[in-house]
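Contents: one structure, followed by commentary.
The values are calculated or read from the model by the stated rules, or taken from the named source; none is laboratory data. Just so it is clear, the structure is predicted and the values come from calculations on it, not from any experiment. Positions of Cβ are backbone-derived with ideal geometry, glycine not excepted, and every protein chain shown enters the neighbour counts. SASA here: full protein model, heavy atoms, side chains in, ligands and nucleic acids out. Shrake-Rupley method; radii C 1.70, N 1.55, O 1.52, S 1.80 Å.
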Amino acid sequence: MGARAAAAGEAAPDAAVDAAVAVGRTPAFKEPHLAEGRLFWLEQRPQERGRTTLLMRAAGSDGPGRELTPGPWDLRSRVHGYGGGVYAVAGAVVVFIHDGDRCLWSLELPPDPASLVSPAPPPAPRRLTAPQGGRAFADGLIDQRRQRWIGVMEENGRDLLVTVPLAGGEPQVLHQPADFCGYAVLSPNGSHLAWVRWQQPSMPWDHSELWLGGFDSAGGLAWCRAIAGNPPEGWSVFQPLWLGTANGAPADLVVANDRSGWWNLERLAAAESLAAVSPLPRWQPLLTMEAEFAMPQWVYGMRTTAWDGERLLAAACVQGCWHLGRITPAATGESPWEPIEQPFDDLAGLDAEAGRLVAIASAPRHGPGLLELDSASGRWRHTPAAPCPLAAEQISTPAPLWFTGANGQATHAWFYPPSRGASPASPLLIRAHSGPTGMARTGLNLAVQFWTSRGWGVVDVNYGGSTGFGRAYRQRLDGQWGVVDIADCAAAARAVVAAGQADPAQIAMEGGSAAGFTVLALLCFERLLGAGACRYPVTDLSSLAKGDHRFEARYCDSLVGPWPAARALYEARSPLQHGDRIERPVILFHGLDDQVVPAEQSERMALALSQRGVPVELHLIPGEGHGFRDQATQVRVLEATEAFFRRQFSR
């Protein structure tokens, strides 16, 4: 089994976790890739104000890896405001996006992976595109045959699929969708390109299409057409993947499609042989499971499936937990799912090459790190992003909680008892994921342990609308944002109280973005919370619907109703319009650089509460956007939240 896992720290089992340990200390690993015997990954460092850098080491080797982009380099994409898909690697070339100028840069690597372990300075990157305001890149791949980068360029309010020569030059348009595109993958012989498109008012997890195109001799797309997920059916597709063949036969194409009610995997045989006039062969289910092989596409670079040259490897979410398995595509009929035994149940960012898999993996007692696995034998090793600072017995692990939520429907949450055990006198903290399309995950979260080590129970709610439980569960929030999420969070807390594990007089809630909206709405419309804490919250739904954030410009159409026809619903559910109903104390944190939810929303909320004499604190933070990246900010926010709750509950 595993060669290594996160080491336990030296903290005493009954010690309270310090805020500086809980947040802002552990780097975030992102977007691992295997290429020609090398392992690459991004590392976002909160101690460097959230700077993200690229690291590399030989696959299967020990050590922290060699930093390829030291100093001022900050790898980040700004496409759609959420980014992702920051770099691409093939052969001896890496192409990445530098946040300093928003341009594409290339980095030449020596042919021997071991040579980058030497103390010699890394090679200097070279800029491929000229700086130009209002332009952003993301989600690219390297077309070695034609010596170019293919990816997304967002410009003038629309996505473009473009090419950029590896020698440098102005981007050339390859394909122009009506609205959004991405997740492009090149077929093994380089003849075809597959990608995902979606169009407002849909978000990509609502309705999206898989497109396929064939290249002409000049490298342009001679033809392209939708091959799955057409809007009349209302399906959503996720992460196209080519399955290479050893005998040179046309490669198959695999994609996750939720036409069955679950994001299950389907295969299009010999897709690499299709032409513009070819009749479309029938998609075949690879396997049918009540499981999700996909995630909501907020950012680029997400992957739940990988091809190692012989096997299809996949992560599947079942009842809120992620499982790893092998799938051997059958010539006819469905393929078997063979679970791979390993201790991690929170998986993301799968990639594979030559019989080896890599993923970002964590578990209730293991922090996130790089999981490397031999896909044939199942032997694995885990390199944590940082040693675990907690003793194993100090960690509160999540228990599944099913309860009756909105409209009498079974709803899910994770309950973390206080580290010294729950009782009817324990305070309770409600948490909800942002999005609002997202899910509460099970990997070790030191911010949760901060609270449980102080005697709080924590209930992390997968309210109706969450992913990981099928399309019907996800659609519970359609038209019901500000209703179902509130009812489910309240019902989860009451279920914990009814079980004798919390004090109904000591319930608080914290959350960011959409979860911050839920905190305020719960304070408005339920008499449950004693206090609330919000990070960059949505306070006014009407302002959100009228905002200029392109990616989410029509998101509220499905969550609330068409704007402006449903104006009355927006006003009825907006906390800012009903601030006179809030009676309990609130603390608000907002970055002044937030481009998704402007800081004005928190300022107006704080003013409305203070004018009525409701205890309120407002912290406006320069240099931070929608999501706090700096270590000092994260520590300050957590400490201020805990102190605020302690004052309200006289703890």
Filter the stretch 37-55 down to the residues that are in contact with a Ser or Thr (Cβ under 9 Å, 6 or more places away or on another chain) and farther than 17 Å from Gln631 by Cα, then identify the one that is surrounded by the fewest Cβ atoms within 10 Å (Cβ to Cβ). Leu55
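What about Met289, is it surrounded by fewer than 23 Cβ atoms within 10 Å (Cβ to Cβ) and in contact (Cβ under 8 Å) with a residue 40 or more places away in the chain?
So Met289 fits the description; yes.
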Flag if Gln577 is open to solvent by 60 Å² or more (accessible area, probe 1.4 Å), among the polar types (S, T, N, Q) and assigned to a helix (DSSP H, G or I): yes
Do the conditions hold for Ser558, that is, is it within 27 Å of the chain's Cα centre (by Cα), open to solvent by less than 10 Å² (accessible area, probe 1.4 Å) and in contact (Cβ under 8 Å) with a residue 40 or more places away in the chain? no
Could you please give the count of residues in the stretch 584-603 that are assigned to a loop (DSSP other than H, G, I, E, B) and either in contact with a helix residue (DSSP H, G or I) (Cβ under 8 Å, 6 or more places away or on another chain) or surrounded by 14 or more Cβ atoms within 10 Å (Cβ to Cβ) (or both)? 8
Would you pick out the residues in the stretch 402-419 that are touching a Phe, Trp or Tyr at 6+ places or on another chain (Cβ under 9 Å), under 18 Å from Thr442 (Cα atoms) and not hydroxyl-bearing (Ser, Thr, Tyr)? His412, Ala413, Pro418
Options Leu174, Leu161; residue that is buried (at least 19 other Cβ atoms within 10 Å of the Cβ), part of a strand (DSSP E or B) and more than 23 Å from the chain's Cα centre (by Cα): Leu174
Of residues in the stretch 356-378 being modelled with pLDDT of 95 or more and not in a strand (DSSP E or B), the one nearest to Trp322 (Cα to Cα): Pro364
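For a quick check of your reading: which strands (runs of 3 or more DSSP E) sit entirely within the stretch 190-272 and have at least 1 residues that are touching a residue at least 60 places away in the same chain (Cβ under 8 Å)?
By residue number, 192-198, 209-215, 237-243, 252-257, 264-268.
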Within the set of pairs 6 or more residues apart or between chains, which connect a residue that is within 11 Å of Phe589 (Cβ to Cβ) inside the stretch 622-651 to a residue that is of a type in the set (S, T, N, Q) and crowded, with 16+ Cβ neighbours inside 10 Å with Cβ atoms less than 6 Å apart? Glu624/Thr633; Phe628/Gln634
Candidate set: the stretch 480-531, residues that are aromatic (Phe, Trp, Tyr) and not in a loop (DSSP other than H, G, I, E, B); chosen: the one most open to solvent (accessible area, probe 1.4 Å): Phe525
Would you confirm, using the coordinates I've provided, whether Ala499 is modelled with pLDDT of 95 or more and over 22 Å from the mean Cα position of the chain (by Cα)? yes
Search result, residues across the stretch 386-400 that are at pLDDT 95 or above and surrounded by fewer than 20 Cβ atoms within 10 Å (Cβ to Cβ): Thr397, Ala399, Pro400
Please name all residue pairs, on different chains or six or more residues apart, with Cβ atoms under 9 Å, provided the first residue is in the stretch 415-439 and is at negative phi and of a type in the set (D, E, K, R) and the second residue is open to solvent by less than 20 Å² (accessible area, probe 1.4 Å) and assigned to a loop (DSSP other than H, G, I, E, B). Arg420/Ser453; Arg420/Gly455; Arg431/Ala440
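Of Gln634, Gln577, which residue is more than 27 Å from the chain's Cα centre (by Cα) and either at pLDDT 95 or above or of a type in the set (S, T, N, Q) (or both)?
Only one candidate qualifies: Gln577.
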Could you say whether any residue in the stretch 276-286 is touching a residue at least 40 places away in the same chain (Cβ under 8 Å) and either more than 26 Å from Gly182 (Cβ to Cβ) or surrounded by fewer than 16 Cβ atoms within 10 Å (Cβ to Cβ) (or both)? yes
